[in-house]
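The structure appears below as structure tokens.
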Amino acid sequence: MSRLDEGQGRGRSGKMGECSCEEVSSRGVRSQADVAYWKEMKWMKKMGEITHHRIKTNGIWMHVAEKGEGPVVLLLHGFPELWFSWRHQITYLADHGYRVLAPDLRGYGDSDSPPSPSSYTFFHIVGDLIGILDHFNLQQVFVVGHDLGAAAAWHLCLFRPDRVKGIVALGIPLFPRSPISPTQLFAKSFGDDLYISQFQESGRAERAFAKYDCLTVIKKFLLINSDDVLVAPPGMEIIDHMKTPSSLPPWITEEELQAYADKFQETGFTGGLNYYRAMDLTWELEAPWQGAKIEVPSKLIIGDEDMGFEGWTKEFVEGNLMKELIPDIEVVMIKGHHYIQQEKHQEVSDHILSFLHKLG
């Protein structure tokens, strides 16, 4: 991740890896932000040269990481993540002849974070993405999304199928529009202590998260290894209910986790939480698309130990309803949990590449 140079908003376009940590050390590091920045720079050198853009789209400034040449693949992260979540796929796809664009979505990282939850509907997110495509003069792209980024990718296909060659969704299928709002549906299904339900009240999750340092919060989410739906016991905040692993799994390092923590220490979590707070508004506004099908070639990759897979997602994925909604879909189930593009990065990267090759 880059702390982009001061200028318009929070940064400008530029290439990473041009200055060493040793050079900075000789000049002197004067703030905690400087320390975090040069930790990021050190990690970025492992990924090779990545170009970082800061562009104006849909009324906000967004940070977009870019690498490679060829057909374009747009990578969309989830919660609580950053463009950095795609570090494995960025290098892999670029090395296999693709041009990769990985933004920090609105509310995250070095992109702007509007204060109102009503600014985080999927109409806003799709508007941001169309602006990115227009900025780079791209008529069509492949899109890959994880978690809420997968939901954003599905909505891009729903609202603007003319701009998408194909979609790979990780972890999250597109569910049909419910006759009741998402918050009502989740409360009816899981009660008031589902994480999504707890996230609805502005400030509540932020206050609960603040009891922990950012690294601990990141570990609680990214290292989750339960396949249960994320519901807290009555009277307990979800972040208190979530466990902090005593040791790291082999697929992620302390340095990588710290890269997330450093950025969220700068930005806070409100932007990401606002996606959940805008769910009902998205539901209201997307009524004209009731019953609309996804006509874009699609692939869903899902971990068999993802949160709620057995009790919530599996029946839908294996039934006929999803295939009616998304006629041209391929489903791949692999052994893994929720943050599958990191946990099983090589397997996921291979599945993404095979889908791109199939579509030419």
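The values are calculated or read from the model by the stated rules, or taken from the named source; none is laboratory data. Predicted model only: the values in this text are computed from it and were never measured. All Cβ positions, even for glycine, are placed from backbone atoms using ideal geometry, and neighbour counts span all protein chains on display. We work out accessible area using only protein heavy atoms, side chains counted, and drop any ligands, DNA or RNA first. Shrake-Rupley method; radii C 1.70, N 1.55, O 1.52, S 1.80 Å.
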Screening A187, A153 for residues that are among the aliphatic types (A, V, I, L, M) and touching a Leu at 6+ places or on another chain (Cβ under 7 Å) leaves only A153
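Before we move on, is V332 assigned to a strand (DSSP E or B) and touching a strand residue (DSSP E or B) at 6+ places or on another chain (Cβ under 7 Å)?
Numbers: assigned to a strand (DSSP E or B): yes; touching a strand residue (DSSP E or B) at 6+ places or on another chain (Cβ under 7 Å): yes.
Against the criterion (assigned to a strand (DSSP E or B) and touching a strand residue (DSSP E or B) at 6+ places or on another chain (Cβ under 7 Å)), V332 qualifies.
For segment 241-257, which residues satisfy the criterion of being open to solvent by 50 Å² or more (accessible area, probe 1.4 Å) and out of contact with any Pro (no Cβ under 8 Å at 6 or more places or on another chain)?
Going through segment 241-257, the residues open to solvent by 50 Å² or more (accessible area, probe 1.4 Å) turn out to be 241, 243-244, 246-248, 250, 253-255.
If the condition is that a residue be open to solvent by 50 Å² or more (accessible area, probe 1.4 Å) and out of contact with any Pro (no Cβ under 8 Å at 6 or more places or on another chain), then K243, T244, S246, S247, L248, P250, T253, E254, E255 are the ones that fit.
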Please identify the pairs in which a residue from segment 207-219 that is within 13 Å of T270 (Cα to Cα) has its Cβ atom under 6 Å from the Cβ atom of a residue that is outside any helix (DSSP H, G or I), counting only partners at least 6 apart or on another chain. A208/E237; F209/F269
Hey, among the residues in segment 120-148 that are closer than 16 Å to F269 by Cβ and not in a loop (DSSP other than H, G, I, E, B), which one's most open to solvent (accessible area, probe 1.4 Å)? L148
Tally of residues being farther than 21 Å from E305 by Cβ, hydroxyl-bearing (S, T, Y) and open to solvent by less than 60 Å² (accessible area, probe 1.4 Å) across segment 209-240: 1
Residue list for segment 117-154, restricted to those being among the polar types (S, T, N, Q) and in contact (Cβ under 8 Å) with a residue 24 or more places away in the chain: S118, S119, T121, Q139, Q140
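State the number of residues belonging to segment 155-175 that are open to solvent by 10 Å² or more (accessible area, probe 1.4 Å) and touching a residue at least 24 places away in the same chain (Cβ under 8 Å). Before you say what the answer is, go through the steps one by one.
Initial filter on segment 155-175 (open to solvent by 10 Å² or more (accessible area, probe 1.4 Å)): 155, 158-163, 165, 172, 174-175.
With touching a residue at least 24 places away in the same chain (Cβ under 8 Å) added as a condition, the list becomes 155, 158-161, 163, 165, 172, 174-175.
Looking only at that region, the number is 10.
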For segment 44-57, pairs from a residue that is modelled with pLDDT of 70 or more to a residue that is open to solvent by 10 Å² or more (accessible area, probe 1.4 Å) and in a helix (DSSP H, G or I), with Cβ under 7 Å and 6 or more apart or across chains, are M47/T91; G48/T91; I55/H135; T57/G131; T57/H135
Lone unmet requirement of (1) modelled with pLDDT under 95; (2) of a type in the set (F, W, Y); (3) open to solvent by 10 Å² or more (accessible area, probe 1.4 Å); (4) within 21 Å of the chain's Cα centre (by Cα) for F316: (4)
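Yes/no per residue for (1) within 30 Å of R177 (Cα to Cα); (2) charged (D, E, K, R):
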| site | (1), (2) |
| --- | --- |
| A205 | yes, no |
| Y212 | no, no |
| E254 | no, yes |
| A259 | no, no |
| E266 | no, yes |
| L273 | yes, no |
| W283 | yes, no |
| W289 | yes, no |
Any chance P288 is outside any loop (DSSP other than H, G, I, E, B), open to solvent by 30 Å² or more (accessible area, probe 1.4 Å) and modelled with pLDDT of 95 or more: yes
How many residues are farther than 14 Å from M242 by Cα and among the aromatic types (F, W, Y) when one looks only at segment 187-206? 2
Taking segment 184-195 and keeping only residues that are surrounded by fewer than 19 Cβ atoms within 10 Å (Cβ to Cβ) and part of a helix (DSSP H, G or I), one is left with Q184, L185, A187, K188, S189, F190
